[in-house]
1. Given (1) buried (at least 23 other Cβ atoms within 10 Å of the Cβ); (2) part of a loop (DSSP other than H, G, I, E, B), where does residue 147 come up short, assuming only one miss?
2. If you check 170, 184, 162, which single one turns out to be within 14 Å of the chain's Cα centre (by Cα), surrounded by fewer than 18 Cβ atoms within 10 Å (Cβ to Cβ) and among the charged types (D, E, K, R)?
3. Please list, ordered by residue number, the strands (runs of 3 or more DSSP E) wholly in the stretch 14-80 having 1 or more residues that are at pLDDT below 95.
4. Report the residue count in the stretch 189-233 for those that are closer than 24 Å to residue 17 by Cβ, open to solvent by less than 50 Å² (accessible area, probe 1.4 Å), touching a residue at least 24 places away in the same chain (Cβ under 8 Å) and part of a helix (DSSP H, G or I).
5. Tally the residues that are within 16 Å of ligand 2 (Cβ to nearest atom), of a type in the set (D, E, K, R), touching a residue at least 60 places away in the same chain (Cβ under 8 Å) and open to solvent by 30 Å² or more (accessible area, probe 1.4 Å), restricting the search to the stretch 1-52.
6. If we keep just the residues of the stretch 53-72 that are in contact (Cβ under 8 Å) with a residue 24 or more places away in the chain and open to solvent by 10 Å² or more (accessible area, probe 1.4 Å), which is farthest from ligand 2 (Cβ to nearest atom)?
7. Taking only the stretch 120-155 into account, find how many residues are more than 30 Å from residue 4 (Cα to Cα) and of a type in the set (A, V, I, L, M).
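The values are calculated or read from the model by the stated rules, or taken from the named source; none is laboratory data. Only a predicted model underlies this, so the values are computations on that prediction, with no experimental measurement involved. All Cβ positions, glycine included, derive from the backbone under ideal geometry; neighbour counts span all protein chains shown. What goes into the accessible areas is simple: the full protein's heavy atoms, side chains included, and nothing from ligands, DNA or RNA. Shrake-Rupley method; radii C 1.70, N 1.55, O 1.52, S 1.80 Å.
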Amino acid sequence: MLDVEGLESAYGDSRILFGIDLAVAAGEVVTLLGRNGMGKTTTVKSIFGLLKPRGGRVRIDGEDVTGRPPHVVAKRGLGLVPEGRQIFPTLSVEENLVATCRASRAGAPKWTLDSVYRLFPRLKERRRNMGNQLSGGEQQMLAIGRALMTNPRLVVLDEATEGLAPLIREEIWTCLAAIKDAGEAILVIDKNVDALARFADRHVVIEKGRVAWSGTSDELRATPEIKDRFLHV
Ligand SMILES: Nc1ncnc2c1ncn2[C@@H]1O[C@H](COP(=O)(O)OP(=O)(O)OP(=O)(O)O)[C@@H](O)[C@H]1O
Ligand SMILES: [Mg+2]
């Protein structure tokens, strides 16, 4: 459903992306891997129209949305869990969730307060707490829940478990697997390659703004040197 072709982006005079190709089919989980500063967040920003690409194409279900504003991209079915989570600190958990809710395109919405609370019981317990009273893990659950409330067909997570304790990280992986089982496609950025390989279908490794390797989880496991070459610091 998402098709990125030859994406080029820059901040002012500094070119960052030199032709990224990336596709996510309906219901598929794809990872975007690469060391710090290689252009993962820039790719996400360029897809969502938060940064206007200098070249290449972003298509959703065949429709060209290159450089269209974020609300247009969201309306076509993409939901973003941004780097740094960016939840509203002075709104309650429940207010954060309903602030972005939108009915799905056809029929009753799949993701509602109830179904998000079923996925994250902790958010229900904390529903009257303010955003700034939450732990890092709870904030990430809220950021994921908030993206789901837009009833997207593809959820994009920039740093799914960055800075979270191992147990909380496991909870996030379990939830992402449940979101996949619910039929959503996922594009996920994270450094925990082994955890990602358990539930992702395909992986795209970027190095200095170019795709350095891509393949399935089986291929990634069979090629351990990929991790040494492109992912370890
Ligand atoms: N707003 C900006 N202005 C100028 N340069 C930027 C800006 N944001 C990022 N960069 C530069 O662009 C390059 C790619 O950054 P990007 O944030 O896309 O990397 P990343 O792969 O997401 O890294 P990380 O794993 O640290 O999140 C880096 O060299 C970074 O310094
Ligand atoms: Mg980043």
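1. Exception for residue 147: condition (2).
2. Unique residue meeting the criteria: 162.
3. Answer list for the stretch 14-80: none.
4. 5
5. 1
6. Applying the filter and picking the extreme gives 62.
7. So the count comes out to 3.
Residue-wise test of (1) at pLDDT 90 or above; (2) closer than 30 Å to residue 119 by Cα.
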{"residue": "174", "(1), (2)": "yes, yes"}
{"residue": "177", "(1), (2)": "yes, yes"}
{"residue": "187", "(1), (2)": "yes, yes"}
{"residue": "194", "(1), (2)": "yes, yes"}
{"residue": "197", "(1), (2)": "yes, yes"}
{"residue": "222", "(1), (2)": "yes, no"}
{"residue": "232", "(1), (2)": "no, no"}
